[in-house]
Each structure stands twice: as C-alpha cells, then as structure tokens.
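Structure, as structure tokens:
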Amino acid sequence: METTPSRDPSIVIIGAGIAGIAAAVTFKQAGFDDFVILEKGSDVGGVWHWNRYPGLACDVPSQVYQFSFAPKPDWTRVWAEGSEIQQYHRDVVKQFGLESHLMLDSEVTDAVHGEDGWALTLADGRALHADFVIAATGVLHHPFTPDIPGRDTFAGPLVHTARWDDSIVTAGKRIAVIGSGSTGVQIVSALQPEATKLVQFTRTPQWVLWAPMWIPQPKLFGRLLASAPGLHRRIYDGGLWASGILADIVLHPTWRRRLVQRFARWSLRAQVRDPELRNKLTPDYQPLCKRQVLSGTYFRAITAGNAELVTESITEITPTGIRTADGVEHEVDVIVFATGFHPHNYMRPMNLRGRDGLTIDEAWAKGPVAYRMTAIPGFPNLFTVLGPNSPTGSISLQYSAELTARYITRWLERFRAGEFDTVEVTEDATTRFNDSVAEAMGPTVWNTGCNSWYFTDQQTIDLWPFDRKTMTHLLTEPEDQDFLITRADRAAPTQT
C-alpha cells in the first residue's frame, strides 16, 4: 500500500497578542516550526501594547491572567498594571524562541486563498505564502472615536486612550474624559489627583464593583510559588475553577448573580453620599449586563472637589473645550477619549478573500460568525483564535486561546500526515452552532436589557454563553462531519 509522504505546513499567524503568542507556542511545542507571526504594531502584547494610558491595569487577578505554559510567580500586584503584563508577553516571546518567527511593523493588507494556498501581502509590499492562516487579531484593537462636530478645532491635546501620547502633560491641567467604561474609570482615577479640574462626560453610567486593585502581591508569596511549581500550578488551576463560578454568575440567574448584583449596588451606595450625584451614577440596567468594571478608587475620584460628572450630551467641541446640550461650554486644556473600540471588526479592514473570491465582509454581512470560535465557512485552511463568540466576559482568555490552538494543531498534524489539502467548515455546522449560541444567550445577564459593546450591529451578543467544560468538550477533537475536506489525492471535496 502506497503511503503519502509527510509534509510540514507553512503557517502565518496574524497578530502577536495573547491569541498569537498562545498559537505560536502551542504549534512550536507540537513540532511545527515553519511559521511566522505578523504583527502590525511595533511590539508584541496586542491590547497591552496599544494601551498604555495612566492607570491601566487588568481586571483579572494576575495569577490567572497568564499562560499555563509560562507561569509567572512574581507579579508585583494582585491585579497587574499594564506595563508589567506587556513585559510578561515580551518575556514569553523570548523564553520560547519566538523572536526569529516574529515580524513587527508588518500589517497584512491582503490575504487571498487560491489553488496554491494563501497569498498574503503586507502594507510595505512584501508577499508571503502559507498553507494555513491563523487569524489571531483579537477584539480590542480598532479604537472608536466619536465624530463630534468641531473635534479638529480644539487647540489643546486630544488623545484616545488606546493611542496614548506620553508627551502630554496632565498634571495641573483641566482635563475632559469622555467615556465611562473600564478605561474611563481607570484614567479618571489616575488623572484626578494631579489635575486642576477633571470633567467626565458620560452618556450611560456603569456599575462599579469595589475592589482593592492597588494591593501588592507579597514578595514572599512570589518566592514561595517560584520554589514550588506544583503549588503554583494548583493555584492557577484553582483560579480557572473559580472562573467557573463567574461563568455561572453571568450565564444563569442564580443566587450568586443576585449576590454580586447586590454588592454592586452597595458599592455605589456606600461610597457616594450625595443623592444627586449618586442618582447620576446609577445605571438603569442590571449589574453585570455590561463588561463589569472593578475599582477601589473611582468613586473617591469622581466625588473629589476638583472633579465633575456631566451627563448632558455633547453637542460640539470648541477650540477651548466641550459644549453640551444645555448650552454650557466646559473649558478644558486636554481632551481624553475613553470611548472604546470597534470590537467586532476582527481581521478587518484586511482584504480577506476565501474560496471563489468570497470576502470576509460578504461572509459576515449578517454579523461576525464562526464555528466554535475557530472556523468560517468559505475560508479553507483559515482558523481564528479568540474569534467570534470568544469569552471576553467569563472564561480565561489564555485558557481559551491555548485550547483553540491545540484544536487547530490536530488539523495541522493531519495535514502533515498527508490526509488532506484543505479543510473548511460547513455552513450547516456553523449555523447549528450559532443557533445553539443564540438559544443559550437567553438566560445570560448580558441579555437583560442593556446596550453594551458585546452587541453586534445585528443585535447578536458576541460572547461565549457556555461554561468552560463545554468549551473544552467542543474544542478537544475535530468532528469531520462538520467539515469539507479535500484529500491529498486531489479528489473532489468530501464531507466525512
């Protein structure tokens, strides 16, 4: 019997954030070394590279917010600052020898699938070829800046938090912060103490859970974990287990959800005594419906004598400040947009074209969809890591990225063994999965009546509505019946 010779696939990973690093390390550990990581930024880290505004910190405990293959025992804080997380990603890239695979300042403008695989073009004109493309572009990397009339007339510095300019002087200045999500809360807390005046403009207040985000991790604890890797692993696994409680809270209307929601209301009531201000800070939706905000300093900052909360809508930006619908002009020296991102763009504006010239915009005309977060009909040999429906509101992103990367590795191993040339998820399998997602969204807290960035333009919720056990089950082994597989003997595509 004639055997098919093995072949190593050539792989392009697009993005060097959490998803891209997880994929690269997983592939390398599985024996795949013919890959490049294309990163449009000047450094690795994804969201932790693009965001470096004052007060930036992670709202997930440090001992959970790390890769399982790269434990870091010596975090300086229980909730790490952004700069330390960014350095962690640099260290992981170096530790696992990814530097030789990494191409920074390399934005992909075109990725087109043809008979010979994927052809990619970079912004500087360079061209690459790959058997597989792994889209690890993440969610929060296209800043959203509202088109407010007069924005270009402002005489002072105007900056988005995701493109922070370190040369901007904020101490002793009158500062406007537009936005009230996690970023808005963090930057208000950071800038208020040294500002002459700080004005926060918000359309919709956020529930803010009190949490001592400033707590340092004891050095002795870090040394203990470094000397006892088994203990460190148990603590990491315990953190993943605890995330199951969080998943239960957001997925099901249980006593746990009610308890956390009660704590959110207490956090506001206990820290804001002024009834008028407390009323302005009270959302009209259930706690946890939006991405939950944690802070132990925000309410103290916004109630300070030099701070003001403005809920009137903004009508225009003037050369000297911001005018609101009540006719008041708020004179400021610096304007900070903490207005978030276009979270559902994923690979766009890349010209991504799959089978028969199908564009990603055509494939996603009704909103971003994928099969189990990983595959898109019409795009052979393309997989996404932390793609549509990723669990940005419940389960560890590192766990999800590593699990997905191991799932993709199964396909890479079969390609190497000569079992197929192309693999493409079917429309039916993708529809079935997304129907199950829509049904499971029913009892989630995200579906209780708020307008959050989790919603797509088509009013679907772009999150993972299942628990970690379900995710693990769905992404352990590929199910061939859900895919069109073109075998190595060049036979016509078959569904097995």
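Here, each number is a calculation from the coordinates, and none is a lab measurement. Here the structure is a predicted model, which is why all the values come from computation and not from measurement. For neighbour counting, all protein chains shown are included, and Cβ atoms are generated from backbone atoms with ideal geometry for every residue, glycine included.
Annotations
- The relative contact order of the stretch 354-474, computed from alpha carbon pairs under 8 Å that lie at least 6 residues apart in sequence, is 30 percent.
- Degrees separating the helix 182-191 axis from the principal Cα axis of the chain, which is the longest one: 50
- Centre-to-centre, using Cα atoms only, the stretch 13-40 and the stretch 290-346 are separated by 38 Å.
- Spacing of the modelled spin labels on R265 and L104, each 7 Å from Cα toward Cβ, amounts to 5.0 nm.
- Counting only cysteine Cβ atoms and a cutoff under 4.7 Å, the chain contains unmatched residues C58.
- Here the label points at S68 and F221, each 7 Å from Cα along the C-beta direction, are separated by 2.3 nm in the simple model.
- Cut-off under 5 Å, modelled amide H: who pairs with A307 long-range: L198
- Length-normalised contact order for the stretch 272-328 - Cα pairs under 8 Å, 6+ apart - percent: 22
- Under-18-angstrom lysine pairs by C-alpha in the chain, whenever the two are 8 or more apart or on separate chains: 5
- Here the dipole of the chain is about 2200 debye; that uses its Cα centre as origin and unit charges on the Cβ of Lys and Arg (positive) and Asp and Glu (negative).
- If the segment from S167 to R7 were pulled out straight at 0.36 nm per residue, it would be longer than the present Cα-Cα gap by 52.5 nm.
- Angle in degrees between helix 82-95 and the longest Cα principal axis of the chain, rounded to the nearest 10: 20
- Distance from the alpha carbon centroid of the stretch 59-112 to that of the stretch 192-217 works out to 26 angstrom.
- The chain, relative contact order in percent, only Cα pairs under 8 angstrom and at least six apart counted: 21
- What you get for the stretch 280-421, charging only the Cβ of Lys and Arg (+1) and of Asp and Glu (-1), is a dipole of about 820 debye around the Cα centre.
- Karplus-based coupling profile of the stretch 131-143, in residue order and whole Hz: 6, 10, 10, 10, 8, 10, 7, x, 10, 9, 9, 10, x, with θ = phi - 60° in 6.51 cos²θ - 1.76 cosθ + 1.60 and x standing for Gly or Pro.
- Ellipticity estimate at 222 nm from DSSP helix runs (n ≥ 4, -39,500 (n - 2.57)) divided over the chain, nearest 500: -9000 deg cm²/dmol
- Around P146: net Lys/Arg minus Asp/Glu count, Cβ-Cβ under 14 Å: -1
- Other-chain or far-sequence residues with amide H under 5 Å of V293's (modelled H): L209
- Rounded tilt (10° steps) of 255-271 against the dominant C-alpha axis of the chain: 30
- Counting Lys and Arg as +1 and Asp and Glu as -1 over every other residue whose Cβ lies under 14 Å from the Cβ of P343, the net charge comes to +1.
- Residue-wise HN-Hα couplings along the stretch 40-50, as the Karplus relation 6.51 cos²θ - 1.76 cosθ + 1.60 with θ = phi - 60° gives them from phi, are 6, x, 8, 7, 7, x, x, 4, 7, 8, 6 Hz; Gly and Pro carry x.
- Subtracting the Cα-Cα distance of K469 and Q29 from their residue separation scaled by 0.36 nm leaves 156.0 nm.
- For the stretch 117-186: rounded, prolate or oblate by the Cα gyration tensor [a/c cutoff 1.5]: prolate
- Extreme residue, positive dipole direction of the chain, given options L128, F35, T254 (C-beta unit charges): T254
- Other residues with beta-carbon under 11 Å from the beta-carbon of Q286 carry, at +1 per Lys or Arg and -1 per Asp or Glu, a net charge of +3.
- For the pair D274 and E331, the difference between a 0.36 nm per residue extended length and the Cα-Cα distance amounts to 18.1 nm.
- Label assignment, P(r) over Cα pairs in 20 Å bins from 0, in percent derived from the structure, set (1) 22, 50, 24, 4, 0; (2) 25, 55, 19, 1; (3) 22, 54, 22, 2, 0: (3)
- Shape category assigned to the stretch 256-388 from the gyration tensor of Cα positions, a/c cut at 1.5: oblate
- Amide H partners (placed H, <5 Å) of V332, local residues excluded: G321, I322
- Its Cα centre serving as origin, the stretch 372-496 has a Cβ charge dipole (Lys and Arg +1, Asp and Glu -1) of approximately 340 debye.
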